[in-house]
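The values are calculated or read from the model by the stated rules, or taken from the named source; none is laboratory data. A quick note: this is a predicted structure, and the numbers were derived from the prediction, not measured. Cβ: placed from backbone, ideal geometry, glycine included. Neighbour counts: every protein chain shown.
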Amino acid sequence: MKTILITCFHPLISRNILSTDVIPLLIREGDVRAVIVSPEYRTPYLSGAFGGERVIVEGVPVEEKARPRWSSLFQRLARAMLDTETMRLKASAKLHLDGRWGYYCFVSLPLAFLGHSRLMRKYFRRVDLALNGASPYARFFDTYLPDLVFSTDVQNEYDLLFMREAKRRGIRVVSMVRSWDNLSQWGLIRHIPDQLLVPAEFVREEAVRYHDVAPETITVVGIPHYDPYFRREAGSRDAFFRSVGLNPSKKLIVYAPVDDRRMRANELTRTWMENDLDRFMLEILSNLDANIWVRFPPNTPVTIGDFKPPPHMVFERPGVEHAGRGVMERDMRPEDDIRLRNLLAACDLLIAGPSTMAIDAAIFDKPVILVNFTPTPRDFWHGIIEYRYNHVQWLLGSGGTRVVKSRQELEEWIRRYLDDPSRDRGGREELVRQLCFRPDGRASERSAVALLGFLRRPSEPRYNPALAL
């Protein structure tokens, strides 16, 4: 029996991988089993939702003490050394909002300068491995004797510990970039796997340019959780309206709140300004003669005060919350993604901030409005600075979205899109082409083929003494 150990530490992996066809395609091979390792507090839900014959869910400790002593420090250094426009903006935000000139001049700038050098990045990884190579998760390797490790989030700190233990034992590692926006904003890849799966061609280019991944070890597979989107696995508009009790004779507008994280200086500083945009947006939308569906983000808080939705406005927060963990640790359930597909198929317009929801809607050819204004005056650094981030430039450059900078502009574009939903259709097609690779619904298959290809290669020694620390 061949064993693939699959990491699942970020809450979105339950949507990105576990809810897709990747694992069913792997275990369809009669001699393959999957062992999913996740935080202990998520194990009861994941076991019930995804466990089964030849699919084992194993809980692991994720407390601070479970990590090597210097791991958190090197995680912060890895972020500071990533030399992208996104990271320069984040560093500048810290300077302008905290006034930390010393930190900016003597920490941020020097680390970014060092990170610009391929040689220094290589040296950084060597020192990181020397100080943080010991893994607290060796017992899982002794118990399950995996033949392959599939790291579903190459930049996750706990994935890193499993990748390094696999390397120490001579076990191959295939890793994946969790999301299209990760490589330009979450720091250097600290351990380069044997094979890296990426969602799009531009992510491949970022992996080579910023992270020193060899081009021949990168496979572009697309985005597995979008497979049912491209196969148009969604119910009819009439069926959706009947199921939620909305008026089918009126248009349906979906609003994805910008959220507190973006409206309060992006979690980067100690200087906060209250999120007044999302409540303001709800007040504007509540006055429209249309159905309004507000889909809150599963893992981010949204401040709306004492706002009460009118009868034609529906609030939804997807995901399952784990006892004592709060909103930041919610797992997306398969039924949540089915509901989202049905919602996008039925809606007439999406309004959001610089969010992945724009891609979701574009796949269904729904017009997308991105909000970039606030009801109270703010300077650039207290606004939504993410519109200048590397990954968001792909959204804006495609021509598939409209950024509005005032209430008047918002209302005008709502009217235009509801009158003519074909506006900017070519841009939406370009957005999907650039960010989703091939719209053929076969990303899970490409991912499984890549994993099985590595699994079937001749075995290597299970333990490499030269790599032991």
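Taking region 201-223 as the region of interest, how many residues are within 20 Å of residue 394 (Cα to Cα) and of a type outside the set (D, E, K, R)?
Step one: list which residues in region 201-223 are within 20 Å of residue 394 (Cα to Cα), which gives 201-211, 220-223.
Now drop any that are not of a type outside the set (D, E, K, R), which leaves 202-203, 207-208, 210-211, 220-223.
Qualifying residue count for the region: 10.
Just the residues that are in a helix (DSSP H, G or I) and touching a Pro at 6+ places or on another chain (Cβ under 9 Å), please, taken from region 304-334. Reasoning before the result, please.
Let us first name the residues in region 304-334 that are in a helix (DSSP H, G or I), namely 327-329, 334.
Passing the criteria: 327, 328, 329.
I'm trying to understand the selection: among the residues of region 304-333, which are exposed (fewer than 15 other Cβ atoms within 10 Å of the Cβ) and farther than 25 Å from residue 262 by Cα?
310, 311, 323
Any residue in region 417-432 that is touching a strand residue (DSSP E or B) at 6+ places or on another chain (Cβ under 7 Å), modelled with pLDDT of 95 or more and closer than 22 Å to residue 87 by Cβ?
Scanning region 417-432, I find no residue that is touching a strand residue (DSSP E or B) at 6+ places or on another chain (Cβ under 7 Å), modelled with pLDDT of 95 or more and closer than 22 Å to residue 87 by Cβ, so the answer is no.
Would you confirm whether any residue within region 124-136 is hydroxyl-bearing (Ser, Thr, Tyr) and surrounded by fewer than 17 Cβ atoms within 10 Å (Cβ to Cβ)?
Checked against the condition, which is being hydroxyl-bearing (Ser, Thr, Tyr) and surrounded by fewer than 17 Cβ atoms within 10 Å (Cβ to Cβ), region 124-136 yields no hits at all.
Being over 23 Å from residue 155 (Cβ atoms), modelled with pLDDT of 95 or more and part of a loop (DSSP other than H, G, I, E, B) is the filter here, so list the residues in region 4-32 that pass it.
Selection gives 21 alone.
Say whether the condition of being at pLDDT 95 or above, assigned to a helix (DSSP H, G or I) and surrounded by fewer than 22 Cβ atoms within 10 Å (Cβ to Cβ) is met by at least one residue in region 345-352. Full working, then the answer.
Of all residues in region 345-352, those at pLDDT 95 or above come to 345-352.
Still in the running and assigned to a helix (DSSP H, G or I): 345-346.
Now drop any that are not surrounded by fewer than 22 Cβ atoms within 10 Å (Cβ to Cβ), which leaves 345.
Yes, there is a match, as at least one residue in region 345-352 is at pLDDT 95 or above, assigned to a helix (DSSP H, G or I) and surrounded by fewer than 22 Cβ atoms within 10 Å (Cβ to Cβ).
Of all residues in region 63-86, count the ones that are of a type outside the set (Gly, Ala, Ser) and surrounded by 16 or more Cβ atoms within 10 Å (Cβ to Cβ).
Pass one, region 63-86, residues of a type outside the set (Gly, Ala, Ser): 63-65, 67-70, 73-77, 79, 81-86.
Right, trim to surrounded by 16 or more Cβ atoms within 10 Å (Cβ to Cβ) and you get 67-68, 74-75, 77, 79, 81-84, 86.
Total meeting the criteria: 11.
For a quick check of your reading of the model, give me the residue pairs whose first member lies in region 376-392 and is assigned to a helix (DSSP H, G or I) and surrounded by 15 or more Cβ atoms within 10 Å (Cβ to Cβ), whose second is at pLDDT 95 or above and of a type in the set (A, V, I, L, M), with beta-carbon atoms closer than 6 Å and at least 6 apart or on different chains.
386/392
Could you tell me how many of the residues in region 171-188 are of a type in the set (A, V, I, L, M) and not in a strand (DSSP E or B)? If you could, list the steps in order and put the result at the bottom.
In the first step, residues of region 171-188 are kept if they are of a type in the set (A, V, I, L, M); the result is 171, 173-174, 176-177, 183, 188.
Then keep just the ones that are not in a strand (DSSP E or B); that gives 171, 177, 183, 188.
Within region 171-188, residues that are of a type in the set (A, V, I, L, M) and not in a strand (DSSP E or B) number 4.
What are the residues in region 25-55 that are among the β-branched types (Val, Ile, Thr) and in contact (Cβ under 8 Å) with a residue 40 or more places away in the chain, if any? Spell out how you get there, then give the answer.
Applying the first criterion (among the β-branched types (Val, Ile, Thr)) to region 25-55 yields 27, 32, 35-37, 43, 55.
Result: 32, 35, 37.
Are there any pairs with C-beta distances below 6 angstrom linking a residue in region 87-107 that is buried (at least 16 other Cβ atoms within 10 Å of the Cβ) to a residue that is hydroxyl-bearing (Ser, Thr, Tyr) and assigned to a helix (DSSP H, G or I), with the two at least 6 apart or on different chains, and if so which?
These pairs meet every condition: 91/108; 95/104.
Among the residues of region 326-340, write down those that are of a type outside the set (Asp, Glu) and touching a helix residue (DSSP H, G or I) at 6+ places or on another chain (Cβ under 6 Å). Before you say what the answer is, go through the steps one by one.
Of region 326-340, the ones of a type outside the set (Asp, Glu) are 326-328, 330, 332-334, 338-340.
Within region 326-340, just 332 meets the criteria.
Per-residue answers, yes or no, for (1) assigned by TED's automatic domain parsing to the domain that holds residue 255; (2) surrounded by 20 or more Cβ atoms within 10 Å (Cβ to Cβ); (3) touching a Leu at 6+ places or on another chain (Cβ under 7 Å); (4) part of a loop (DSSP other than H, G, I, E, B):
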| site | (1), (2), (3), (4) |
| --- | --- |
| 282 | yes, yes, no, no |
| 302 | yes, yes, no, yes |
| 336 | yes, yes, no, no |
| 358 | yes, yes, yes, no |
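Before we move on, is residue 188 under 19 Å from residue 70 (Cβ atoms), touching a Gly at 6+ places or on another chain (Cβ under 9 Å), buried (at least 23 other Cβ atoms within 10 Å of the Cβ) and not assigned by TED's automatic domain parsing to the domain that holds residue 92? Don't jump to the end; show me each part of the working.
Details: under 19 Å from residue 70 (Cβ atoms): yes; touching a Gly at 6+ places or on another chain (Cβ under 9 Å): yes; buried (at least 23 other Cβ atoms within 10 Å of the Cβ): yes; not assigned by TED's automatic domain parsing to the domain that holds residue 92: yes.
For residue 188, the condition - under 19 Å from residue 70 (Cβ atoms), touching a Gly at 6+ places or on another chain (Cβ under 9 Å), buried (at least 23 other Cβ atoms within 10 Å of the Cβ) and not assigned by TED's automatic domain parsing to the domain that holds residue 92 - is met.
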